[in-house]
Every structure is written in C-alpha cells, then in structure tokens.
Amino acid sequence: MERVPLYHYDGALRCFVCGPDNAHGLGVRYWYAGDHVEATWTANDHAEGWPGLLHGAGFAALHDDAAAWAMIAIACRSGFTTHMDVRFLKPIPLGAELRITGRVGEVGEKQGTFDSRIELPGGKLASTARTTYAFADGATIARLTGGKLQAQLQQWLAADDDGRRALLFRWSGEEHARRERA
C-alpha cells in the first residue's frame, strides 16, 4: 500500500500537533499506511519538560493525535477524546527522531479505542497509549465548536465509510500538492 499524506479538512489546519498552519504547533505530518497511520517527528524544545527531555504533555499530545488520525483515516469516524491511558517507558531526549503510529483497537456504535506507540531511534519503545473517543455527528461538533462546521467536514460526515476515506485522501492529496508547489 502506498502511503498517503493526511491533512485535516479545510478550517482545521491549525491543530496543535499536526496543523501545518499553526506556527506554535509541533508540525507532525501523519501518513495513512493501510492498517495504521504513522509519522516521524524530531522532538524539539517547543515541548521541553526537564532540560533536554520531551515533556509528558508532549507524549500525550503525540498519542492523542496518532489515535485521532487512526479514528479518522481507518475507522472513518470523528469524535472527541474521553480517556487516555499513557505508559511512559523511556524518556525522550530532544533531537531524537521518533516514529509514531496509531491503530484501531475496538470500534463500537458510540465510541472506539485506538492504540498508539512512540518509538525512539532503533525501534526502542518509549511510550504506548490507549485512547477512547466518543464519536460525534455534525450537530454535536458544530455545537461544541461554536458552529464552526466547515463545508468539507459536513460533506465528509454525510458520506459512508468508503466515501469518507475517498474524500479524505482526495483533500489530503490536493493540500499536499498545493504545499509542495508553494
């Protein structure tokens, strides 16, 4: 399977973790890779805790986003984090290039669980997490975001799973090409 770059729908390009239009964000770029999503990211001082180490909130943010992309790109759902169980196994030094993956755990009608991993160079496991999301429809998202439900998200939510994945891949490809040309 060819990897597909993942970008949010219009209006959500400011995500703290993966939003390319957030100057203060982490700038992580996720890719769809069939049964999982993946990213590489170099830990930087934007998320520093103890001197020279990634803050625990940085771990959590990376896990939350990897799980969210698994929810969006693989399970074809949208929702909000309700619970996260993070296991911190090794400290992450700033400057380390990390491999981050997210997979679908279990998907029910109203919620799902998603598993993520953060690996240090050489494949050493730094952290794991299981994140639970409550799935949300367009009305719920609009209510919680103050009515900021963009046209693309409305179109995505109206489609079936295959249609959602096709739209996500088309929009991501268009955004990726636009940014490559810029």
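Throughout, read-outs are computed from the coordinates displayed, never taken from laboratory work. Small disclaimer: the values here were computed from a predicted structure and weren't measured. Reconstructed Cβ throughout: ideal geometry from the backbone, glycine too, with neighbour counts over all protein chains shown.
Placing +1 on the Cβ of every Lys and Arg and -1 on the Cβ of every Asp and Glu, with no other charges, gives segment 76-139 a dipole of roughly 220 debye about its Cα centre. Counting charges near Thr128 (Lys, Arg +1; Asp, Glu -1) among other residues having Cβ under 12 Å from its Cβ returns a value of +2.
Rounded to the nearest 20, the size of the Cβ-charge dipole of the chain about its Cα centre is 140 debye, with Lys and Arg at +1 and Asp and Glu at -1. The tail of the calculated P(r) for the chain beyond 27 Å holds 24 percent of all Cα-Cα pairs.
Taking Cβ atoms as reference points and 14 Å as the exclusive limit, the residues near Pro93 contribute a net charge of -2, counting Lys and Arg as +1 and Asp and Glu as -1. Restricting the GluC sites (Glu not before Pro) of segment 50-157 to loop positions (DSSP other than H, G, I, E, B) with no more than 16 neighbouring Cβ atoms within 10 Å leaves Glu109.
Selection among Ala23, Pro5, Ala33 by position relative to the dipole of the chain gives Ala23 as farthest towards the positive end (Cβ unit charges, Cα centre). So if I place +1 on the C-beta of Lys and Arg and -1 on the C-beta of Asp and Glu, and nothing else carries charge, what would the dipole magnitude of segment 110-164 be about its Cα centre? I want it in debye, nearest 20. That gives a dipole near 280 debye. Helix 56-73 and the longest principal axis of the C-alpha atoms of the chain enclose an angle of approximately 30°.
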